Structure formats: structure tokens, C-alpha cells
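Nothing in this text is a laboratory measurement; each read-out follows from the coordinates by a stated rule. Keep in mind that this is a model prediction, so the values were computed, not measured. Quick reminder, even Gly has a Cβ in these numbers, built from the backbone with ideal geometry, and neighbours come from all protein chains shown.
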Amino acid sequence: MAQVIVVTSGKGGVGKTTTSAAFSTGLAQSGKKVVVIDFDVGLRNLDLIMGVERRVVFDIVNVISGEAKLSQALIRDKRVETLSILPASQTRDKDALTKEGVAKIIEELSKEFDYIICDSPAGIEKGALLALYFADQALIVTNPEVSSVRDSDRILGVLQSKSKRAEEKKEPVKEHLVVTRYDAARVEKGEMLKLEDIQEILAIPLLGVIPESESVLRASNTGNPVILDEVSNAGVAYKDAVARFLGDERPMKFIDAEKKGFFSRLFGGRAA
Ligand SMILES: Nc1ncnc2c1ncn2[C@@H]1O[C@H](COP(=O)(O)OP(=O)(O)OP(=O)(O)O)[C@@H](O)[C@H]1O
Ligand SMILES: [Mg+2]
């Protein structure tokens, strides 16, 4: 049986799709069979970040409505053999996604894959609820700012009350905190929330801290998940998070501001 992992946040624009792309690519690089599903109907983005937008023929809504077979809609990644992508549709009709339809897709994918990653849309409306409903585990993507932490807290409540596991009174969804766009220098200046404060409020295990990094934009513009950029800070941080998820112990990086030396203070250092 596959493990279903939802990547969710409540708040929009915090890095869910970036994390879904990086995390699924990283898991697949470790040899796991992984499929990543875009649940953001109407605003699909994952295909762009994964660099497969020109190969989208059918999407999840076509499969649910019976216009295409699941195998016709799945796109095999060209870089990592064990990775597939199920794109969202561009349709405005969000009702096209039904619980029964998604259940059938997840059941079918479970036979073939080890991990099913669900990239949730923002909010706590229907699309986000469907993305998390079947989850066994959740990556809670949070930025170091009050509004993001508050929305993550709300989504944790939803996971604990509205998921299939909650409804069936099974073992709760296993939650992991992924703090993204962390800028240690700004945290030190008091402009952003400290990691410890975020952890104290949300009180779930920390899986990774992804630093604010220009490489993320570069990666999404070229359609290469940032985890494939092995020299970038964000790529390294995502690789560590995947390794921790698979049971490795690794120290957190990029959580302290770089102590600037005399010359970089003098001439202005630039972080990668
Ligand atoms: N670590 C990072 N460093 C710098 N920029 C980042 C980082 N993570 C994400 N971003 C940028 O933040 C923006 C939002 O990212 P992304 O699309 O992954 O968020 P999202 O949560 O999926 O958004 P939505 O809620 O709209 O689906 C993008 O422009 C992305 O490039
Ligand atoms: Mg997104």
C-alpha cells in the first residue's frame, strides 16, 4: 500500500508546490516509486515547476470524468525514472473534482506507487479538503511570519477533524513541519519569527528548514525542481529533509545567520 502525503499550508504562496516538486523528486531519487498530484484545479502550477507543461495531454479531471484513462494522464519524468506527475486541469469548474473520483484514482495509484504526494491548493475550501482527505502523512509548509503560522495551525485542526483517518477514528495523520523561505539574518534582526517560536506554536516535529534562496526562482523558471540544484542552499536543505523523512538523522542547516568576517562586512558579502 502506498503512503499518501499531502503538502498543505492554509495560506497561499508559501512554497507548497516548490516543496511538492522537490520532495517527490528527492524521494524518487532514492529509488522509491513516486507520483505527485496537482490538486490546484484552475490554477495549476506543478507542471511548470516540474518542466512538463508541454507534455500535458490529459489531467485529473479528464480521468475522473472518464474521458481518459489514468495511464494516459500520468506523465513520466525524464530525469528521475521512478517519478510520475498527474497534472491538474485548467478548468474553472472546481466541482469537477469529487471525493469518489479522487478515491478511485488514489486506490489505483496505490497499486503501483510507494508514495502519492498531493500538492494542495491554498485555503481550507473544497480543493484543499480533498487534497488532505486521504492523507496518511502531511507536510505542513510554513513561512516565518505570523499569518502563515496561524493558517498552518488551522490546517492542523482540519487534518485532525476532517481527514478520512479522523473520520474513521484511525491513527491520526502523521504531521511534519517544513519551514520555508527562512532568512536567518532577518530573523536575527527581529523581522521574522524565530524557528523556536514557530515550533512552539505548532508543536509538531520539524522535518526541514528551507532557506530563502534565489535558486528557487531560477529552478522554477527552468522547470527543474530545486532539489536537482545540488549546490544551492535550498536544494541541499530539501535533500536533507527527504533523508530525514526516510529515517536519517541530519543536523539542521541554514538556521543561523552567517557571521560576516571583516572583509565581507567591509565590502558587503552576498549569500548564494
Ligand atoms: N525557499 C524559497 N526561497 C525563495 N523563494 C521561494 C522559496 N520557496 C518558494 N519560493 C517562491 O515563493 C513563491 C510561491 O511558491 P509556491 O508556488 O511553491 O507556493 P504555493 O504555496 O504552492 O502557492 P499557492 O498557494 O499559490 O499554490 C514562488 O514565487 C516561489 O518561487
Ligand atoms: Mg501551489
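Please identify, among Arg54, Arg79, Arg250, the residue showing maximal mean-square fluctuation in a Gaussian network model of the chain using a 10 angstrom Cα cutoff.
Judging by the Gaussian network model, the answer is Arg54.
What relative contact order, as a whole-number percentage, does the range 47-170 give when Cα pairs under 8 Å and 6 or more residues apart are counted?
Answer for the range 47-170 is 16 percent.
Sequence-distant or interchain residues sharing an amide H contact under 5 Å with Cys118, placed H: which?
The answer is Ile5, Val6, Val7, Ile37.
Can you pick out the pairs among Lys32/Lys111; Lys33/Lys111; Lys174/Lys253; Lys33/Lys78; Lys11/Lys174; Lys69/Lys111 whose Cα atoms lie more than 18 Å from each other?
Violating the 18 Å limit, Cα to Cα: Lys174/Lys253; Lys11/Lys174.
Just tell me which aspartates and glutamates come within less than 13 Å, Cα to Cα, of Lys170; anything on the same chain fewer than 8 places away is out.
Correct list for Lys170: Asp136.
Through the Karplus equation 6.51 cos²θ - 1.76 cosθ + 1.60, θ set to phi - 60°, convert the phi angles of the range 55-65 into ³J(HN,Hα) values in whole Hz; use x for Gly and Pro.
Rounded to whole hertz, the list is 9, 6, 10, 10, 9, 4, 5, 4, 5, 5, 7.
Please list, ordered by chain and number, the residues whose modelled amide H lies under 5 Å from the amide H of Gly123; skip anything fewer than 5 residues away on the same chain.
Amide H neighbours of Gly123, under 5 Å, 5+ apart: Gly10, Lys11, Gly12.
Classify the range 18-155: rounded, prolate or oblate, from the alpha-carbon gyration tensor (a ≥ b ≥ c, eigenvalue square roots; a/c under 1.5 rounded; otherwise prolate if a/b is larger than b/c)?
Oblate, because a/c is 1.5 or more while a/b does not exceed b/c.
Amide H to amide H under 5 Å from Glu145: which residues, 5+ apart in sequence or cross-chain, H placed 1.01 Å off N in plane?
For Glu145, the qualifying residues are Leu193.
In whole Å, how far is the Cα centre of the range 1-46 from that of the range 116-185?
That distance is 12 Å.
What percent do you get for the relative contact order of the range 5-67 when only Cα pairs under 8 Å and 6+ apart count?
This gives 23 percent for the range 5-67.
Looking only at Asp47, Asp136, Asp197, which one moves most when the chain is put into a Gaussian network model with springs between Cα atoms under 10 Å?
Asp197
Can you work out the Karplus-derived ³J(HN,Hα) for every residue in the range 158-168? Use 6.51 cos²θ - 1.76 cosθ + 1.60 with θ = phi - 60°, whole Hz, and x for glycine or proline.
5, 4, 7, 10, 10, 7, 4, 4, 5, 4, 8
With +1 on each Lys and Arg Cβ and -1 on each Asp and Glu Cβ, how big is the dipole of the chain about its Cα centre, in debye rounded to the nearest 20?
Approximately 260 debye in magnitude.
Taking θ as phi - 60°, what are the ³J(HN,Hα) couplings along the range 11-24 by the Karplus curve (6.51, -1.76, 1.60), each to the nearest whole Hz, with x for Gly and Pro?
So the Karplus estimates, Gly and Pro as x, are 6, x, x, 9, x, 5, 5, 4, 5, 4, 5, 5, 5, 5 Hz.
Would you mind calculating the gained length between Asp248 and Lys189 on full extension (0.36 nm times residue separation, minus the Cα-Cα distance), in nm to one decimal?
Stretched out fully, the Asp248 to Lys189 stretch lengthens by 18.0 nm.
With an 8 Å Cα cut-off and a minimum separation of 6 or more residues, compute the relative contact order for the chain in percent.
Relative contact order of the chain: 24 percent.
Cut-off 10 angstrom, C-alpha nodes, Gaussian network model of the chain. Which of Gly247, Gly51, Gly157 fluctuates the most?
Judging by the Gaussian network model, the answer is Gly247.
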